[in-house]
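Heads up, the thing below is written out as structure tokens.
The values are calculated or read from the model by the stated rules, or taken from the named source; none is laboratory data. The shown structure was predicted, so the numbers you read here are calculated from the model rather than taken from an experiment. Ideal geometry is used to build each Cβ from the backbone, glycine not excepted, and the neighbour counts take in all protein chains shown. Accessible surface areas use protein heavy atoms only, side chains included; no ligands, DNA or RNA. Shrake-Rupley method; radii C 1.70, N 1.55, O 1.52, S 1.80 Å.
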Amino acid sequence: MAMHLRLPLPKPVQDIIHPPPTHGVLGVFAYLDAVLDAIKKLRAAGHTDFTVYSPIPRHEIEDALGQAVSPVRMFTLIGGIAGCAVGAWLTLWMSYDWPIVVGGKPVGSIPPYVIIMFEMTILFGALSTILGILFNAAFAARRAGTIQYDERFTNDRFGIFVPVEAGKAAPIESLLKQSGAEEVHRG
């Protein structure tokens with residue numbers, strides 16, 4: 001009979017796979033205007049780290065949050081430039097490694113290789129975009145599943161989760177209620 005040993009995961013890997021729960025306050029809202037008011041009040045009170053749930057994408061929420069643009073576009077740009085460079089290097093290297101003069105054209109003529117350079121730009125750009133999404137998702141996964149959530153946020157309600165310690169939750173609760181929250185939960 002084979003005996004299987006279970007080794008514990010190292011601490012950083014365990015924190016990524018099973019992060020500790022995040023304590024905070026969750027407010028449930030019925031109207032977009034109330035959510036926007038709550039976001040403005042939270043930002044005015046100095047809170048910048050909170051999660052907003054919406055049943056549909058709303059540009060008003062994005063504008064009120066004022067978050068920075070995703071860094072994934074930089075992965076795509078770097079991958080595209082690298083792909084174009086690799087495509088140019090690959091075709092020119094092959095041409096000079098096995099020189100065949102066709103129709104009196106120079107061996108290292110660029111116009112025929114533009115197609116290969118374009119295709120490599122698309123390939124490397126797409127692959128680096130996927131890597132960028134995975135890289136950013138790995139860091140975002142530290143909080144995934146550790147914050148409060150309500151199933152109504154996928155149907156018809158909006159929500160705001162503010163991570164805060166249990167002793168400092170009362171002002172956040174009152175702020176969310178004053179902004180028009182239907183329900184406020186601590187967790």
Within the range 117-126, residues open to solvent by 70 Å² or more (accessible area, probe 1.4 Å) and either in contact with a Cys (Cβ under 6 Å, 6 or more places away or on another chain) or of a type outside the set (A, V, I, L, M, F, W, C) (or both) come out as Glu119
Is one or more of the residues making up the range 74-90 assigned to a helix (DSSP H, G or I) and under 30 Å from Gly46 (Cβ atoms)? yes
Determine which member of the set Glu182, Glu165, Glu151 is closer than 30 Å to Val35 by Cβ and touching a His at 6+ places or on another chain (Cβ under 9 Å). Glu165
Among Val102, Val114, the single one that is out of contact with any Cys (no Cβ under 8 Å at 6 or more places or on another chain), free of Cβ contacts under 8 Å to residues at least 40 places away in the same chain and not in a helix (DSSP H, G or I) is Val102
Going through the range 50-73 in order, the residues found to be part of a helix (DSSP H, G or I) and charged (D, E, K, R) are Glu60, Glu62, Asp63, Arg73
Would you confirm whether any residue within the range 72-92 is closer than 30 Å to Glu165 by Cα and open to solvent by 40 Å² or more (accessible area, probe 1.4 Å)? no
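Residue-wise test of (1) farther than 30 Å from Val28 by Cβ; (2) of a type in the set (Val, Ile, Thr).
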| residue | (1), (2) |
| --- | --- |
| Thr51 | no, yes |
| His59 | no, no |
| Gly80 | yes, no |
| Gly87 | yes, no |
| Met94 | yes, no |
| Glu119 | yes, no |
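Check Ala141, Ala169, Ala181 and return the single one that is open to solvent by less than 30 Å² (accessible area, probe 1.4 Å), at pLDDT below 90 and either more than 23 Å from the chain's Cα centre (by Cα) or within 30 Å of Pro71 (Cβ to Cβ) (or both). If you could, list the steps in order and put the result at the bottom.
Values: Ala141 fails: open to solvent by less than 30 Å² (accessible area, probe 1.4 Å); Ala181 fails: at pLDDT below 90.
Residue meeting the stated conditions: Ala169.
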Say whether the condition of being free of Cβ contacts under 8 Å to residues at least 24 places away in the same chain and of a type in the set (Ser, Thr, Tyr) is met by at least one residue in the range 139-153. no
Exactly one of these conditions fails for His47: (1) over 16 Å from Lys177 (Cβ atoms); (2) open to solvent by less than 90 Å² (accessible area, probe 1.4 Å); (3) part of a loop (DSSP other than H, G, I, E, B); (4) not hydroxyl-bearing (Ser, Thr, Tyr). Give me its number. (1)
